[in-house]
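What follows is one structure encoded as structure tokens, with my remarks underneath.
The values are calculated or read from the model by the stated rules, or taken from the named source; none is laboratory data. Everything numeric here is computed off the predicted structure, so don't read it as measured data. Methodologically, a virtual Cβ is constructed for each residue, glycine included, from the backbone with ideal geometry; neighbour enumeration extends over all protein chains shown. Remember, those area values only see protein heavy atoms, side chains included, never the ligands or the DNA or RNA. Shrake-Rupley method; radii C 1.70, N 1.55, O 1.52, S 1.80 Å.
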Amino acid sequence: MASPSQSVLTLKDVTLSLNGNAGPVEILHEISLEVASGETLGLIGPSGSGKSSLLMVMGGLERATGGTVSALGQDLTAMDEDGLARFRRDHMGVVFQSFHLIPTMTALENVATPLELAGDREAFDKARAELDAIGIGHRADHYPSQLSGGEQQRVALARAAAPRPEILLADEPTGNLDGVNGEAIMDMLFGLRDRHGATLVLVTHAPDLANRCDRVVTLTDGRISTEKVAEAAE
């Protein structure tokens, strides 16, 4: 894991262009940004501002069409798809607004899967411990269709956290949840940072959630328009 003084994520002049019906559409425009080890960074902005696209580029889930993206000192823009998949497996956890659980697997199996893929012989023990830690161990043998939205997001969070990733990326993780469940999920995300030292990058529409981060970056039309230390961290 990187030391506290090191940059975990570095973006230099990153651009992203996607093909639309009328031709190429510029999504991100020359984004330069650094995220330090153990930092929590909130990405905010209006719908269509590019914040989710920026998060996907950070995770190598969307390939930048210009500039460079480095994570933990490795150039993601130079990796092929297999290399990116291995890097995410070993170093990143991703939580989406939609839970993306495998419907034919129990909660326990969903959480254990990334550990199994990494060759961890204690995958199921670790998965059960993670579910217990977030208060949903009693639902371990239930399938996603048998779980509430809040429970499904807890499982998704446990799946992302179980491998102990250095970097956690969360895209509107409370977007499909009510206030109580949303607050619980946010407490868990920040708790992971506190317990394991993970670096957290969070996309949200909610200013109160963003202000729990160490720093907040606002995107407008694919560009960074403002950047400030969050009030809660001052």
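Quick look at the values:
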read-out: Loop trypsin sites (Lys or Arg not before Pro), region 68-138 (other Cβ atoms within 10 Å of the site Cβ: 13 or fewer; DSSP); value: R121
read-out: With all protein chains modelled, accessible area of M79 [1.4 Å, Å²]; value: 30
read-out: Positive-end extreme of charge dipole, region 1-159 - chosen from A158, H138, V111 (charges on Cβ); value: H138
read-out: Pairwise centroid distance, computed over Cα atoms, of region 33-75 with region 139-177, Å; value: 21
read-out: Crossing angle, helix 149-161 versus the chain [Cα axis fit, 0-90 degrees, rounded to tens]; value: 80
read-out: Candidate lysines for bridging to K12, where Cα separation is under 18 Å - those fewer than 8 sequence places away on the same chain excluded; value: K51
read-out: Principal-axis tilt of helix 123-133 within the chain, Cα atoms, nearest 10 degrees; value: 90
read-out: Contact order normalised by residue count of region 29-81, Cα under 8 Å, 6+ apart, percent; value: 21
read-out: Nearest-20 debye value, region 97-234 charge dipole, Cβ charges on Lys, Arg, Asp, Glu; value: 180
read-out: Taking region 60-196 and dividing mean pair separation by its residue count, relative contact order in percent (alpha carbons under 8 Å, at least six apart); value: 29
read-out: Estimated FRET transfer efficiency when R0 is 22 angstrom, pair E122-R195 (beta carbons, to 0.05); value: 0.75
read-out: Accessible carbon and sulfur surface of region 89-150 relative to its total accessible area, %, 1.4 Å; value: 50
read-out: Relative contact order for region 1-128, counting Cα pairs under 8 Å that sit 6 or more residues apart, in percent; value: 22
